[in-house]
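K.L.:
Pasting a structure below so you can have a look.
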Amino acid sequence: CLKDRSLLIVNDCLEGEHNAAIGVFLQALNRIKMNTSSIIVKDPWLSPFSEVIRRRMEQIAVKKQQLISQSGSLSKFALGHLYFGCHKTADCWVFREWAPNAAEIFLIGTFNNWTENKLFRFKKGLNGTWELKLPHSSIGHSDIYKLSMHWKNGSGERIPAWAKRVVQDPDTLIFNAQIWDPDNPYMWNNKTPQLKDVAPLIYEVHVGMATEEYKIGTWDEFRQKVLPRIIKAGYNTLQLMAVQEHPYYGSFGYHVSGFFAASSRFGDPDSLKKLIDEAHGKGLRVIMDIVHSHAVKNEVEGIGRYDGSPSQFFHGDIRREHVAWDSLCFNYGKNEVIHFLLSNIHFWMTEYRFDGFRFDGITSMLYYDHGLNRDFINYEMYFDGQQDEDAITYLALANELIREINPDAITIAEEMSGYPGVAAQTEDGGLGFNYRMAMGTPDYWIKIIKEIPDEKWNVDELYYELTNKRIEEKTIAYAESHDQALVGDKTIIFRLIEREMYYSMSKDSQSIQVDRGLALHKMIRLVTIAAAGNGYLNFMGNEFGHPEWIDFPREGNNWSYQYARRQWNLVDNTDLKYHYLSDFDREMIDMFKKYQLLEKYCPIRKHVNTRDQILAFERGELLFIFNFNPVKSFPGYGIRCSAGKYAVILDTDASRFGGQERVDTGLTYRALPEKTFTPDYMLKIYIPARTAIVLKKEKVKRVHDLI
């Protein structure tokens, strides 16, 4: 096997230790499942690329064996956070850093007047590791510090790469590391809820903008004021954005500087732990929006040139800078970088007890051009040699590590290229994520709302777009997330209602445009969760039609918080129409939980009429009927469906949801045999214009029982 393509993998692993590397390689080949038939059988169009898929599987297995050759497992390998950084032992304080290009390192801070002192000078060890030991009396809880890093022909102050607490001075706005050693460490009270086989119903939040006040909200305020809303709304998964420290608030948390530090602008570490703990106690899993796809370019706050070298964590060539994001790209081919990032995952799962992650920017990681110059119209785009196979290996190992730490954890890939196998197991040729974000769905909704008149909405195309996904993958469906509300864009409700949002949302006001917007807002969400995916996501406030976009304080808006907050008063005011949408969303979510539709069933298409704009499909024991026609209501409309008696359990036109109460929910509807040679049954029902109806089937033993 050393004579074929696998030789390339061996060469990558050798690093001067030939015998050990070859042994690792042979162990990997013995352990790996060399059969990639799972994703290829499900998608025969992948057959021409079976050798590439096989090679990538081999590379993952070889790298894993190389990394765990001494520790025995990924979870034991990824313990850098317990070694590097600042730690208080029984005897002393210990600081350790990996800085191979450094010539000298000093600890500076409030305890030594920010001056270099030989007592605070690190000692250099093996493999670029530096260490400093100090007596307990030297420093204490809440002390502020940095590193003074020296390298050949240069020096600079640095926040430690492994710092677990970073704070910003309110006056100077300078970031520094901080000792966090409270007298009474946080004690956890609740166990993680058992939700292994429960589909994620995700409430995506940004804690800073969750407040109604013109300021940055805190972990404590969110726990006290917003968490109860999420619990009442019925969601079972809380997704926290912008957790990792980032110097620029307006980056939405995606330009990370402190990978191990929870952003102090929202509060202290114990406040975040208390939020997660209480969410667990209320039955919610908590996942984190983690950013391992790139890092902020800042050098003092971040790790841009941490030890003076541009290539310590990142590529040292043209691939170093992301051309579109003004950020730096990790070199996933370096074992030290893999160790840093895998340890970061381990840290968040054990220190803060996160139950999984949404990985940001996967597409950017997969391709040398970050997917920016590709249209992905054929499979060649995924296997033409322009993929970063080091990144592919890292993502697969990250998912394996997460399963080792917590088999019940979930991982979600934000990936928009359609890379085959993103949410397939690694032994089947995939990357190992549990779910892929169905990123095409919100784009589709924007397109038809903006470009296509209501009377021309094609329900056949709509159903195809919502249900189109790879057979081996589970997806998270959503009509819109935070992306669709960023400045310069609009939420779905604002696209539907526009300026009328400001004038006609009072119940005393009459507006055809508002009526249209409310009706379609409910229908869009219902058809999205019902037809698409195996999980569902909503960004905070969108469930009640939050009227405005998101725009963080910046120079261009005179540092205003006007659009970086949530106006909860709108949904709380029963004189306004916003609560109609919130009430519908809550009943919709409760229905999907009650009947376990996302966990157990797939949609089965039953009726599509593009002329009438009628769509009907079954999912489990429920029948979903949608009339997207803006003007025509249909009495006695025939819908092909399974045999049985049906009762209405939810309809978008109910008056309690701001509708016109045109559906008779007291009737029992019967599906009778068609007078044709087909085995179908026919249910006849009145379907008002712009209305969706959900009916529950009651099984019958004999056709006679239907009469």
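The values are calculated or read from the model by the stated rules, or taken from the named source; none is laboratory data. These numbers were taken from a predicted model, which means no experiment stands behind them. All Cβ positions, glycine included, derive from the backbone under ideal geometry; neighbour counts span all protein chains shown. Note: areas computed on protein heavy atoms with side chains; ligands, DNA, RNA excluded. Shrake-Rupley method; radii C 1.70, N 1.55, O 1.52, S 1.80 Å.
K.L.:
Given the condition at positive phi and in contact with a strand residue (DSSP E or B) (Cβ under 9 Å, 6 or more places away or on another chain), answer yes or no: does some residue in the range 378-389 qualify? Explain how you work it out, then say what you get.
P.N.:
In the first step, residues of the range 378-389 are kept if they are at positive phi; the result is 385.
With in contact with a strand residue (DSSP E or B) (Cβ under 9 Å, 6 or more places away or on another chain) added as a condition, the list becomes none.
No, the conditions are met nowhere in the range 378-389.
K.L.:
Still on this structure, please answer the following. Scanning for something out of contact with any helix residue (DSSP H, G or I) (no Cβ under 8 Å at 6 or more places or on another chain), in contact (Cβ under 8 Å) with a residue 12 or more places away in the chain and farther than 15 Å from Leu683 by Cα, does the range 634-650 turn up at least one residue?
P.N.:
The initial filter retains those residues of the range 634-650 that are out of contact with any helix residue (DSSP H, G or I) (no Cβ under 8 Å at 6 or more places or on another chain), namely 634-642, 646-648.
When the remaining residues are screened for being in contact (Cβ under 8 Å) with a residue 12 or more places away in the chain, the result is 634-642, 646-648.
If we keep only those that are farther than 15 Å from Leu683 by Cα as well, we get none.
Checked the range 634-650: no residue is out of contact with any helix residue (DSSP H, G or I) (no Cβ under 8 Å at 6 or more places or on another chain), in contact (Cβ under 8 Å) with a residue 12 or more places away in the chain and farther than 15 Å from Leu683 by Cα.
K.L.:
Scan the range 410-448 residue by residue and report those that are of a type in the set (Phe, Trp, Tyr), closer than 25 Å to Asp390 by Cβ and touching a residue at least 60 places away in the same chain (Cβ under 8 Å). If you could, list the steps in order and put the result at the bottom.
P.N.:
First, the residues of the range 410-448 that are of a type in the set (Phe, Trp, Tyr): 419, 433, 435, 444-445.
Next, from what is left, pick out any that are closer than 25 Å to Asp390 by Cβ: 419, 433, 435.
Matches in the range 410-448: Phe433, Tyr435.
K.L.:
Being open to solvent by 30 Å² or more (accessible area, probe 1.4 Å) and small (Gly, Ala, Ser) is the filter here; which residues of the range 632-646 pass it?
P.N.:
Ser633, Gly636, Ser642, Ala643, listed by residue number.
K.L.:
Right, next: So is Asn153 at pLDDT below 95 and either surrounded by 19 or more Cβ atoms within 10 Å (Cβ to Cβ) or closer than 16 Å to Tyr306 by Cα (or both) or not?
P.N.:
Details: at pLDDT below 95: yes; either surrounded by 19 or more Cβ atoms within 10 Å (Cβ to Cβ) or closer than 16 Å to Tyr306 by Cα (or both): yes.
When the stated conditions are applied, Asn153 passes them.
K.L.:
Same structure again: Report every pair of residues separated by at least 6 positions or lying on different chains whose Cβ atoms are under 6 Å apart, first residue within the range 571-590 and among the hydroxyl-bearing types (Ser, Thr, Tyr), second assigned to a helix (DSSP H, G or I) and surrounded by 17 or more Cβ atoms within 10 Å (Cβ to Cβ).
P.N.:
That search, which allows pairs on different chains as well, returns Tyr578/Phe544; Tyr578/Leu570; Tyr578/Val571; Tyr580/Phe657; Ser582/Glu543; Ser582/Phe544; Ser582/Val571.
K.L.:
Now a separate question. Give me a count of the residues in the range 641-662 that are at pLDDT 95 or above and either part of a loop (DSSP other than H, G, I, E, B) or aliphatic (A, V, I, L, M) (or both).
P.N.:
The number of residues fulfilling the criteria is 12.
K.L.:
Right, another one. Filter the range 77-88 down to the residues that are touching a helix residue (DSSP H, G or I) at 6+ places or on another chain (Cβ under 9 Å) and either surrounded by fewer than 16 Cβ atoms within 10 Å (Cβ to Cβ) or more than 15 Å from Asn344 (Cα to Cα) (or both) and list them by number.
P.N.:
If the condition is that a residue be touching a helix residue (DSSP H, G or I) at 6+ places or on another chain (Cβ under 9 Å) and either surrounded by fewer than 16 Cβ atoms within 10 Å (Cβ to Cβ) or more than 15 Å from Asn344 (Cα to Cα) (or both), then Leu82, Tyr83, Lys88 are the ones that fit.
K.L.:
Filter the range 485-509 for residues that are within 24 Å of the chain's Cα centre (by Cα) and open to solvent by 30 Å² or more (accessible area, probe 1.4 Å); which is nearest to Met241 (Cα to Cα)?
P.N.:
Leu486
K.L.:
Looking at the range 204-217, is at least one residue farther than 30 Å from Thr528 by Cα, crowded, with 16+ Cβ neighbours inside 10 Å and touching a helix residue (DSSP H, G or I) at 6+ places or on another chain (Cβ under 9 Å)? Write out each step before concluding.
P.N.:
Restricting attention to the range 204-217, the residues satisfying the condition of being farther than 30 Å from Thr528 by Cα are 213-217.
When the remaining residues are screened for being crowded, with 16+ Cβ neighbours inside 10 Å, the result is 216-217.
The next check asks that each one be touching a helix residue (DSSP H, G or I) at 6+ places or on another chain (Cβ under 9 Å); those that pass are 216-217.
Yes, the range 204-217 contains at least one residue that is farther than 30 Å from Thr528 by Cα, crowded, with 16+ Cβ neighbours inside 10 Å and touching a helix residue (DSSP H, G or I) at 6+ places or on another chain (Cβ under 9 Å).
K.L.:
Right, here's the next one. Residues Tyr145, Tyr186: which one is touching a helix residue (DSSP H, G or I) at 6+ places or on another chain (Cβ under 9 Å), buried (at least 19 other Cβ atoms within 10 Å of the Cβ), at pLDDT 95 or above and of a type in the set (Ser, Thr, Tyr)? Lay out the reasoning, then the answer.
P.N.:
On the way: Tyr186 fails: buried (at least 19 other Cβ atoms within 10 Å of the Cβ).
Unique residue meeting the criteria: Tyr145.
K.L.:
In addition: How many residues are assigned to a loop (DSSP other than H, G, I, E, B) and open to solvent by less than 40 Å² (accessible area, probe 1.4 Å) if we restrict to the range 663-693?
P.N.:
Residues of the range 663-693 that are assigned to a loop (DSSP other than H, G, I, E, B), as a first pass: 663-667, 674-680, 688-690.
With open to solvent by less than 40 Å² (accessible area, probe 1.4 Å) added as a condition, the list becomes 663, 674, 688-689.
Qualifying residue count, the range 663-693: 4.
K.L.:
Is there a residue in the range 556-577 that is open to solvent by 50 Å² or more (accessible area, probe 1.4 Å), β-branched (Val, Ile, Thr) and either on the phi > 0 side of the Ramachandran plot or part of a loop (DSSP other than H, G, I, E, B) (or both)?
P.N.:
yes
K.L.:
Additional query: Consider His546 against the criteria (1) touching a His at 6+ places or on another chain (Cβ under 9 Å); (2) part of a loop (DSSP other than H, G, I, E, B); (3) not acidic (Asp, Glu): it satisfies all of them except one. Which criterion is unmet?
P.N.:
Failed condition: (1).
K.L.:
To continue, here is another question. Can you find a residue in the range 438-452 that is over 24 Å from the mean Cα position of the chain (by Cα) and not aliphatic (A, V, I, L, M)?
P.N.:
Yes.
K.L.:
Please enumerate the residues belonging to the range 510-543 that are part of a helix (DSSP H, G or I), of a type in the set (Gly, Ala, Ser) and within 26 Å of the chain's Cα centre (by Cα). Show your work before the answer.
P.N.:
At the first step, the residues of the range 510-543 found to be part of a helix (DSSP H, G or I) are 512-531, 542-543.
Within this subset, residues satisfying the condition of being of a type in the set (Gly, Ala, Ser) are 517, 519, 530-531.
Listed by number, the residues that qualify are Ala530, Ala531.
K.L.:
Where residues in the range 240-277 are among the polar types (S, T, N, Q) and either open to solvent by less than 10 Å² (accessible area, probe 1.4 Å) or more than 18 Å from the chain's Cα centre (by Cα) (or both), which of them is farthest from Val166 (Cα to Cα)?
P.N.:
From the range 240-277, those among the polar types (S, T, N, Q) are 244, 251, 257, 263-264, 271; that's our starting set.
Pick out the ones that are also either open to solvent by less than 10 Å² (accessible area, probe 1.4 Å) or more than 18 Å from the chain's Cα centre (by Cα) (or both) and you get 244, 257, 263-264, 271.
Working: Gln244: 10, Ser257: 10, Ser263: 7, Ser264: 6, Ser271: 15 Å.
Taking the candidates together, the pick is Ser271.
K.L.:
Scanning the range 603-621 for residues that are farther than 19 Å from Arg525 by Cβ and part of a loop (DSSP other than H, G, I, E, B), which turns out least open to solvent (accessible area, probe 1.4 Å)?
P.N.:
Asp612
K.L.:
Still on this structure, I have one more. Here is a check on your reading of the model: is Lys133 basic (Lys, Arg), in a strand (DSSP E or B) and surrounded by 21 or more Cβ atoms within 10 Å (Cβ to Cβ)? If you could, list the steps in order and put the result at the bottom.
P.N.:
Numbers: basic (Lys, Arg): yes; in a strand (DSSP E or B): yes; surrounded by 21 or more Cβ atoms within 10 Å (Cβ to Cβ): no.
When the stated conditions are applied, Lys133 does not pass them.
K.L.:
Also, quick follow-up: Across the range 471-484, what is the number of residues that are touching a residue at least 60 places away in the same chain (Cβ under 8 Å) and either open to solvent by 40 Å² or more (accessible area, probe 1.4 Å) or in a helix (DSSP H, G or I) (or both)?
P.N.:
Residues that pass the stated criteria total 3.
K.L.:
Looking at the range 590-640, which of the residues that are modelled with pLDDT of 95 or more and of a type in the set (Ser, Thr, Tyr) is nearest to Val459 (Cα to Cα)?
P.N.:
This residue is Thr610.
K.L.:
If you don't mind, another one. Going through the range 430-440 one residue at a time, which ones are open to solvent by 10 Å² or more (accessible area, probe 1.4 Å), part of a loop (DSSP other than H, G, I, E, B) and in contact with an Asp or Glu (Cβ under 9 Å, 6 or more places away or on another chain)?
P.N.:
Correct list: Met439 only.
K.L.:
Would you call Lys232 open to solvent by 50 Å² or more (accessible area, probe 1.4 Å), outside any loop (DSSP other than H, G, I, E, B) and basic (Lys, Arg)?
P.N.:
Working: open to solvent by 50 Å² or more (accessible area, probe 1.4 Å): yes; outside any loop (DSSP other than H, G, I, E, B): yes; basic (Lys, Arg): yes.
Judged against the criteria, Lys232 is a match.
K.L.:
Can you give me the number of residues within the range 485-509 that are in contact with a strand residue (DSSP E or B) (Cβ under 6 Å, 6 or more places away or on another chain) and assigned to a helix (DSSP H, G or I)?
P.N.:
1
K.L.:
Output the helices (runs of 4 or more DSSP H) that fall wholly within the range 309-410 and possess 1 or more residues being open to solvent by 30 Å² or more (accessible area, probe 1.4 Å), or say none. Quick ask: steps written out before the conclusion?
P.N.:
Numbers: elements: 335-351, 362-366, 380-383, 389-405.
It comes to 335-351, 380-383, 389-405.
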